[in-house]
Amino acid sequence: MAKPWRRALLALAAVGLLLAVRLYTSKQDNARGLIHVQRSLMGTVWNIDVMEEGRPEAARQAVEAAYRELERIDGLMSEWKPDSPVSAINQAAGGAAVEAPEELCAILRRSVDYGEKSAGAFDITWRGMGRIWRYDEDFVPPSDQAIEKARANVNYRDLEITGNLVRLKRAGMSIGLGGIAKGYAVDRALGILNRAGFANALVDGGGDIRVSGTKNGTPWQLGIQDPRAERGSLLGRVAMTGGALVTSGDYERFRMVDGVRYHHIINPRTGRPARGTTSVSVMAPSAEQADALATAIFVLGREKGLALAEAENVDAMLIDEQGNTHRTDGFARRFEAAPGKERSQ
Ligand code: ADP
Ligand code: MG
């Protein structure tokens with residue numbers, strides 16, 4: 001064979017080999033094209049899943065940026081960090097107004113709106129109950145008197161927001177964003193992944209989940225915990241390619257005393273853990289909306305709660321203390337019960 005031919009053939013073979021290697025690796029990338037990073041933050045476990053789209057390094061950087069955003073929001077909105085702007089508002093309760101960052105003022109205004117929409121079931125001043133419902137080792141059920149006294153500190157209407165000046169009217173009042181900030185943080189983290197060019201992603205902050213796109217071409221499968229079974233045992237699941245699914249449950253933080261469950265979702269009307277419901281899941285466009293509404297619906301119970309879901313144009317499912325399931329039509333359509341877990345409406 002003439003020399004130039006040999007060279008051309010060799011070059012062709014080399015190109016072929018390169019192509020084969022490329023195809024092989026991209027196929028491999030497809031099979032393991034998902035980046036999964038789990039971390040503890042805001043008192044819960046976070047999971048971020050991103051399809052790396054052939055850009056694993058950039059995807060990892062985007063996940064890091066998302067986690068940095070979560071930490072930033074925690075620093076801004078935590079009521080447990082003594083140097084946070086929320087703590088500054090709480091420390092000044094009953095005194096002068098405190099200037100707060102616009103981002104915080106905005107979520108406070110939205111929180112007040114959720115208070116209005118839910119007839120006070122959602123109330124970020126729940127924290128005025130003080131230490132009463134803190135479930136540490138030495139928790140003892142408080143007396144009726146102590147509850148009544150603390151309940152006087154709870155009323156979102158006594159949170160004044162004028163421009164960027166925020167004031168709690170009375171000493172003893174206190175705000176806590178545990179029922180809404182996680183949802184907001186989920187939205188922000190997903191936004192960062194999407195803007196970095198990763199359209200297929202999932203952010204899960206301890207059961208507050210928002211997704212976009214798909215996982216390897218199939219919708220994200222989101223499981224809903226059975227409130228009275230061991231962790232990981234699912235009631236069923238929902239397939240989603242966009243929007244949020246948030247679940248509030250009485251099994252997240254609680255203590256049992258003499259057969260009574262004391263948990264972390266407080267009914268502002270009674271000043272006690274909300275009764276009658278064990279779990280509420282809400283599907284909504286944003287995780288913040290789903291988060292706030294899940295807490296509100298939990299407190300309101302079946303009838304008023306599902307009416308609120310309808311009024312807000314979101315889908316919801318509520319499990320009552322008897323284990324019965326109540327759902328909006330939209331939720332019923334999209335929910336796929338786990339075998340043997342379907343219960344009456
Ligand atoms: P989960 O922790 O299961 O996601 P939620 O989103 O319902 O549950 O948040 C419960 C948290 O919300 C509580 O730990 C507390 O910080 C706060 N909270 C409790 N009761 C209320 C209420 N009535 N309105 C607003 N926030 C509340
Ligand atoms: Mg909530």
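At a glance:
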{"quantity": "Estimated FRET transfer efficiency (residue 152, residue 275; beta-carbon r; R0 25 Å; 0.05)", "calculated": "0.75"}
{"quantity": "Mean Cα-pair separation over length for the chain, i.e. relative contact order, pairs under 8 Å, 6 or more apart, %", "calculated": "15"}
{"quantity": "Probe 1.4 Å, accessible area per residue of the stretch 118-185, Å²", "calculated": "46"}
{"quantity": "Kirkwood hydrodynamic radius over Cα pairs of the chain, then Stokes diffusion coefficient at 25 °C and 0.890 mPa s, in µm²/s", "calculated": "112"}
{"quantity": "Hits among aspartates and glutamates - C-alpha to C-alpha of residue 169 under 17 Å, sequence gap 8 or more where chains match", "calculated": "99, 123, 158, 160"}
{"quantity": "About the Cα centre, charge dipole magnitude for the stretch 235-284 (Lys/Arg +1, Asp/Glu -1 at Cβ), debye", "calculated": "120"}
{"quantity": "Cα→Cβ-extended label distance, 7 Å offset, between residue 68 and residue 260, nm", "calculated": "4.9"}
{"quantity": "The stretch 112-160, relative contact order [Cα under 8 Å, separation at least 6], %", "calculated": "46"}
{"quantity": "Portion, in percent, of the accessible area of the chain that falls on carbon or sulfur, probe 1.4 Å", "calculated": "52"}
{"quantity": "Those chymotrypsin sites (Phe, Trp or Tyr not before Pro) in the stretch 125-203 that DSSP places in a loop and that have at most 15 other beta carbons within 10 Å", "calculated": "135, 139"}
{"quantity": "Whichever aspartates and glutamates have a C-alpha closer than 13 Å to that of residue 81, once near sequence neighbours (fewer than 8 apart) are set aside", "calculated": "71"}
{"quantity": "Sites residue 338 and residue 96, calculated FRET efficiency, Cβ-Cβ separation with R0 41 Å, nearest 0.05", "calculated": "0.15"}
{"quantity": "Highest-fluctuation residue, 87, 281, 143 considered, GNM on the chain with Cα pairs under 10 Å", "calculated": "143"}
{"quantity": "Cα-projected label distance for residue 140 with residue 87, points at 7 Å along beta-carbon direction, nm", "calculated": "2.9"}
{"quantity": "Cut-off of 10 Å, at most 10 other beta carbons, DSSP loop: longest stretch of the chain lacking such GluC sites (Glu not before Pro)", "calculated": "1-136"}
{"quantity": "Within the stretch 286-345, trypsin sites (Lys or Arg not before Pro) in DSSP loop having at most 16 other beta-carbon neighbours inside 10 Å", "calculated": "341, 343"}
{"quantity": "The chain - charge dipole about Cα centre, Lys and Arg +1 at Cβ, Asp and Glu -1, debye rounded to 20", "calculated": "1000"}
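The values are calculated or read from the model by the stated rules, or taken from the named source; none is laboratory data. In this text the structure is predicted, and so the values were computed from the model without any measurement. All Cβ positions, even for glycine, are placed from backbone atoms using ideal geometry, and neighbour counts span all protein chains on display. When the accessible area is computed, the model is the full protein with side chains, heavy atoms only, and any ligands, DNA or RNA have been set aside. Shrake-Rupley method; radii C 1.70, N 1.55, O 1.52, S 1.80 Å.
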